[in-house]
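Engineer: The structure that follows is given in the form of structure tokens.
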Amino acid sequence: MIAQIAGKIATLLCVAVAAGPVAAEPLTRFIPLQLIIGDRWNGEQTITYPSGRFVEGARDTAPSIWVGPKQWVHPKTGRTLTVYARGRDGRNAAEQVFAVRDDQTAIGRVADSRFGITACDQEGKYPLGLWKKGETRSFDSTCWYGDKVQAKVTTITIQEIDYTCYGQEHCLRIEWILRDKGNERTNLDHRIYDFAPNLGMVHEVKAP
């Protein structure tokens with residue numbers, strides 16, 4: 001009987017050794033601004049503002065170019081913000097201005113040349129700081145269309161927090177949804193974004 005039990009234990013040990021150690025996937029990650037705009041990051045666990053001109057590594061669309069930081073006076077709130085200008089050519093050409101939210105958990109648009117937008121405030125477009133895989137956060141924001149004010153809600157979900165994409169390690173994949181406040185059932189925009197270290201956004205998909 002003892003010999004039979006010992007034999008079973010030995011078999012289980014052999015199976016475990018053959019399978020090898022299981023690598024634990026990191027579930028939490030600090031997302032620096034450098035990952036979003038495509039700059040090198042020194043590992044500092046705070047939101048810092050790299051200076052320069054940064055070209056995204058987008059593969060299927062015209063890459064956006066980030067330039068900053070600079071001081072910018074919000075035309076509706078009157079606040080002076082630290083911002084980046086972001087522009088791109090091509091079919092979906094745009095001139096945008098981005099600022100980090102007051103809580104430093106995301107960066108979002110404060111101006112956009114499209115859709116009749118005059119200005120926005122406190123939008124969450126891309127995540128910043130500590131996030132977990134599978135985590136979803138919602139962000140209330142305000143946009144002005146001329147003198148008309150509309151409340152918006154954006155939702156960010158971390159789909160993949162640390163994986164390999166296009167041969168690049170430590171990529172990040174997020175889902176982003178834009179809705180009108182009070183009408184959370186209807187999506188105004190729904191995108192999937194992939195970011196890679198030193199490259200910024202490398203892939204964008206418009207979700208159904």
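The values are calculated or read from the model by the stated rules, or taken from the named source; none is laboratory data. Treat the numbers as computed from the prediction; the structure is a model and nothing was measured. We place every Cβ from the backbone using ideal geometry, glycine too, and count neighbours over all the protein chains shown. Heavy atoms of the whole protein, side chains included, go into the accessibility calculation; ligands, DNA and RNA do not. Shrake-Rupley method; radii C 1.70, N 1.55, O 1.52, S 1.80 Å.
Engineer: Looking at region 111-133, can you tell me whether even one residue there is in a loop (DSSP other than H, G, I, E, B) and in contact with a helix residue (DSSP H, G or I) (Cβ under 7 Å, 6 or more places away or on another chain)?
Structural biologist: Scanning region 111-133, I find at least one residue that is in a loop (DSSP other than H, G, I, E, B) and in contact with a helix residue (DSSP H, G or I) (Cβ under 7 Å, 6 or more places away or on another chain), so the answer is yes.
Engineer: Same structure again: With the requirement that a residue be closer than 13 Å to Ile37 by Cβ and either surrounded by fewer than 17 Cβ atoms within 10 Å (Cβ to Cβ) or of a type in the set (Val, Ile, Thr) (or both), what does region 57-72 give you?
Structural biologist: Ile65, Val67
Engineer: Here's another thing I want to ask about it. Just give me the residues in region 145-174 being touching a strand residue (DSSP E or B) at 6+ places or on another chain (Cβ under 9 Å) and aromatic (Phe, Trp, Tyr), in sequence order.
Structural biologist: The answer is Tyr163, Tyr166.
Engineer: For residues that are more than 20 Å from Tyr49 (Cβ to Cβ) and assigned to a strand (DSSP E or B), scanning just region 73-94, find the one that is least open to solvent (accessible area, probe 1.4 Å).
Structural biologist: Within region 73-94, the match that is least open to solvent (accessible area, probe 1.4 Å) is Ala94.
Engineer: Here is a follow-up. For Ala207, work out the one condition from (1) open to solvent by less than 30 Å² (accessible area, probe 1.4 Å); (2) at pLDDT 95 or above it doesn't fulfil.
Structural biologist: Here Ala207 clears every test but (2).
Engineer: Let me ask another. If you go through region 137-165, how many residues are in a strand (DSSP E or B), free of Cβ contacts under 8 Å to residues at least 40 places away in the same chain and of a type in the set (D, E, K, R)?
Structural biologist: So the count comes out to 4.
Engineer: While we're on this one: Look at region 35-56 and say how many of its residues are part of a loop (DSSP other than H, G, I, E, B), within 13 Å of Asn198 (Cβ to Cβ) and open to solvent by 30 Å² or more (accessible area, probe 1.4 Å).
Structural biologist: The number of residues fulfilling the criteria is 4.
Engineer: Answer yes or no as to whether Ile192 is assigned to a strand (DSSP E or B) and buried (at least 17 other Cβ atoms within 10 Å of the Cβ).
Structural biologist: no
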